[in-house]
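The values are calculated or read from the model by the stated rules, or taken from the named source; none is laboratory data. Not measured: the values here are computed from a predicted model. Cβ placement follows ideal geometry from the backbone for every residue including glycine, while neighbour counts extend to all protein chains displayed. Only protein heavy atoms, including side chains, enter the accessible area calculation; ligands, DNA and RNA are left aside. Shrake-Rupley method; radii C 1.70, N 1.55, O 1.52, S 1.80 Å.
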Amino acid sequence: GAGVSQSPSNKVTEKGKDVELRCDPISGHTALYWYRQSLGQGLEFLIYFQGNSAPDKSGLPSDRFSAERTGGSVSTLTIQRTQQEDSAVYLCASSPDRRGNEQFFGPGTRLTVL
Amino acid sequence: DQQVKQNSPSLSVQEGRISILNCDYTNSMFDYFLWYKKYPAEGPTFLISISSIKDKNEDGRFTVFLNKSAKHLSLHIVPSQPGDSAVYFCAASAGVRSNTGKLIFGQGTTLQVKP
C-alpha cells in the first residue's frame with residue numbers, strides 16, 4: 001500500500017500487561033514519529049526517529065514506554081505494565097525529510113487498558 | 001503548558017457559508033504552521049500549511065492566515081460543504097530551527113457543515 005499502516009487497529013488489554021504496537025511507514029521516508037491522542041485531547045508527541053536512531057524521545061511519558069525502528073522502516077512502540085491512563089489512540093506518522101513538516105499519518109491503534 | 005490552543009471545541013455552519021477556525025500559539029520559536037483534518041477512525045490528513053515568512057496561503061477553498069504579532073492563525077473554508085465536516089487540528093513546528101520536525105498540536109475543533 002502507499003500509505004502508513006499500523007497494527008493492530010484495536011487492542012484491549014488488562015492492566016499490568018505489556019503491549020506492542022507496530023507501524024509501517026511509507027517506503028523511503030526517513031523520518032518516523034509516534035504521537036498519541038487521549039480522549040478529547042490533541043495529538044501529543046512521543047518520539048522521533050531519523051533512520052534507526054531516536055534523537056528525540058522527549059515525549060515518552062515514562063520508562064514503561066520504549067520504541068525501536070529497524071532497517072530504517074518498521075517501528076514498534078512497546079508499553080510495559082500498562083496502566084489505565086495509557087488508554088488512547090496511538091498514531092504513527094512518516095515524512096520524507098528530517099524537518100518533518102509534511103507528515104503522513106497512519107489510521108492509529110486504539111489501545112484500551114481495562 | 002498548552003503551546004498551541006484551539007479555544008473553540010466545535011463550530012456549526014450552513015452549507016455554502018464560510019467556516020473560520022482559529023488557533024493561537026505561545027512559542028515564538030514556531031515558524032511553520034499546518035492544518036490537519038481528521039475523520040473518525042482515520043489518521044489526520046494534511047490540509048494546508050504556512051511558513052512564518054508569509055501571512056496568507058491559499059489552496060482552492062482553503063486559506064490560512066497568519067498574524068505573527070498576535071501569535072494567531074486561522075483557517076477559512078469557502079464555501080463550506082457537508083463533506084468538510086470533521087475535526088480540524090492546528091499544528092506548529094520550529095521548522096528550520098528544529099532538528100526533529102516534531103509537531104505540536106492543538107486540541108482540535110469539530111466542524112459540522114449542515115446541508
Post the alpha-carbon centroid distance, the range B:1-75 to the range A:1-30, in whole angstrom.
28 Å
Could you run the numbers on buried accessible area between B and A, total for both chains, 1.4 angstrom probe, in Å² to the nearest 100?
1700 Å²
Summed residue charge, Cβ within 13 Å of B:Gln14's Cβ, Lys/Arg positive, Asp/Glu negative
0
Hey, any idea what the orientation-averaged projected area of the convex hull of chain A's Cα atoms comes to, in nm²?
6.5 nm²
Each residue of the range B:69-77 in order: what ³J(HN,Hα) in whole Hz does its phi give by Karplus 6.51 cos²θ - 1.76 cosθ + 1.60, θ = phi - 60°, with x for Gly and Pro?
5, 8, 6, 9, 9, 9, 10, 10, 10
On a C-alpha basis, how far is the centre of the range A:85-114 from the centre of the range A:56-72 in Å? Whole number, if you could?
12 Å
Average partner chain C-beta neighbours within 10 Å, per residue of B:100-112?
6
Go ahead and run the numbers for FRET between B:Ser74 and A:Glu102, Cβ-Cβ distance against an R0 of 25 Å, rounding to 0.05.
0.75
Report, as an integer, the average count of C-beta atoms from other chains found within 10 Å of each Cβ along B:41-48.
6
Could you give the length gained on full extension between B:Arg17 and B:Thr110, defined as 0.36 nm per residue of separation minus the Cα-Cα distance, in nm?
31.8 nm
State the percent of C-alpha pairs, over all pairs in the protein assembly as shown, separated by a distance greater than 27 angstrom.
33 percent
So if I place +1 on the C-beta of Lys and Arg and -1 on the C-beta of Asp and Glu, and nothing else carries charge, what would the dipole magnitude of the range B:4-114 be about its Cα centre? I want it in debye, nearest 20.
180 debye
May I ask for the equivalent-ellipsoid semi-axes of the range B:4-114, computed as the square root of five times each C-alpha gyration tensor eigenvalue and listed largest first in whole Å?
23, 15, 12
Shielding by partners for A:41-48, please: the mean number of other protein chain Cβ atoms within 10 Å of each residue's Cβ.
6
List the lysines whose Cα sits under 30 Å from the Cα of B:Lys114, skipping any in the same chain fewer than 8 residues away.
B:Lys5, B:Lys37, B:Lys38, B:Lys56
Below 15 angstrom from the Cβ of A:Gly42, what's the summed charge of the other residues (Lys, Arg +1; Asp, Glu -1)?
+2
Note to self: with every protein chain in place and a 1.4 Å probe, the range B:4-114 gives an accessible area per residue in Å² of 46 Å²
Between A:Ser66 and B:Phe46, with labels modelled 7 Å along Cα→Cβ, what's the label distance in nm to one decimal, could you check?
3.3 nm
